[in-house]
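One structure below.
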Amino acid sequence: MLTYPLLHPEILAALAGAGHGSQVLIADGNYPLSTRSHPAARRVFLNLAPGMLTVTTVLGVVCGAIPVEAAHVMVPDTGSDPAIFAEFRSLLPGQELQRLDRFAFYDAARSPDLALAIATGEQRVYANILLTIGVVPPHTP
């Protein structure tokens with residue numbers, strides 16, 4: 001039994017096999033995960049029902065397991081910030097959200113660096129986030 005919040009075996013395995021520069025996609029319920037993520041990435045479907053689970057719930061748990069070096073978000077054509085971006089910022093303090101238009105985001109999610117793609121039941125639009133895993137500093141006793 002693990003003693004921290006991330007318990008999902010497939011997500012744990014994907015993160016354990018990832019390294020510095022690997023990426024993690026956490027996608028909303030509208031994201032075309034099967035066609036807009038790299039085929040070699042492990043795909044995990046947590047979209048049991050609309051609203052279950054949310055992107056921010058998954059993001060909070062995943063951020064407890066990995067160092068985040070960068071975070072990319074999909075922005076609407078209007079260039080405005082969806083309300084969920086404020087929640088992303090609160091879960092990623094000190095991390096600037098890198099903005100990509102929809103098709104640039106799709107291209108980024110098809111990168112061979114994508115190690116893990118997670119589908120959620122998030123109903124808010126433009127609630128997709130692509131994390132780049134950072135470096136774990138050496139442990140000093």
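What follows draws every value from the coordinates through simple rules; no lab data is involved. Given the structure is predicted, the values throughout are model-derived calculations rather than measurements. Every residue, glycine as well, gets a Cβ built from its backbone with ideal geometry; the counts of neighbours run over all protein chains shown.
So here's what we get for this one:
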{"read-out": "Count of the stretch 6-29 residues which are surrounded by fewer than 13 Cβ atoms within 10 Å (Cβ to Cβ), touching a residue at least 60 places away in the same chain (Cβ under 8 Å) and farther than 15 Å from LEU131 by Cβ", "value": "1"}
{"read-out": "Unique residue being of a type outside the set (S, T, N, Q), touching a residue at least 24 places away in the same chain (Cβ under 8 Å), in contact with a Phe, Trp or Tyr (Cβ under 9 Å, 6 or more places away or on another chain) and within 22 Å of GLY19 (Cα to Cα) when the list is LEU114, LEU59", "value": "LEU59"}
{"read-out": "Some residue of the stretch 48-55 being within 12 Å of the chain's Cα centre (by Cα) and either in contact (Cβ under 8 Å) with a residue 12 or more places away in the chain or part of a helix (DSSP H, G or I) (or both)", "value": "yes"}
{"read-out": "Residues that are in a strand (DSSP E or B) and either in contact with a helix residue (DSSP H, G or I) (Cβ under 9 Å, 6 or more places away or on another chain) or surrounded by fewer than 22 Cβ atoms within 10 Å (Cβ to Cβ) (or both), drawn from the stretch 109-141", "value": "LEU114, ALA115, LEU116, ALA117, ILE118, ILE129, LEU130, LEU131, THR132, ILE133"}
{"read-out": "Residues located in the stretch 89-107, provided they are of a type outside the set (Phe, Trp, Tyr), in contact with a strand residue (DSSP E or B) (Cβ under 7 Å, 6 or more places away or on another chain) and closer than 22 Å to CYS63 by Cα", "value": "ARG89, LEU92, GLN95, LEU97, GLN98, ARG99, LEU100"}
{"read-out": "Candidate set from the stretch 60-108 (those that are part of a strand (DSSP E or B) and among the β-branched types (Val, Ile, Thr)); member that is farthest from the chain's Cα centre (by Cα)", "value": "VAL75"}
{"read-out": "Residue that is surrounded by fewer than 18 Cβ atoms within 10 Å (Cβ to Cβ) and touching a residue at least 12 places away in the same chain (Cβ under 8 Å), where the choices are ARG102, ARG36", "value": "ARG102"}
{"read-out": "Evaluation of TYR126 against (1) within 13 Å of the chain's Cα centre (by Cα); (2) closer than 25 Å to ALA16 by Cα (one fails), failing number", "value": "(2)"}
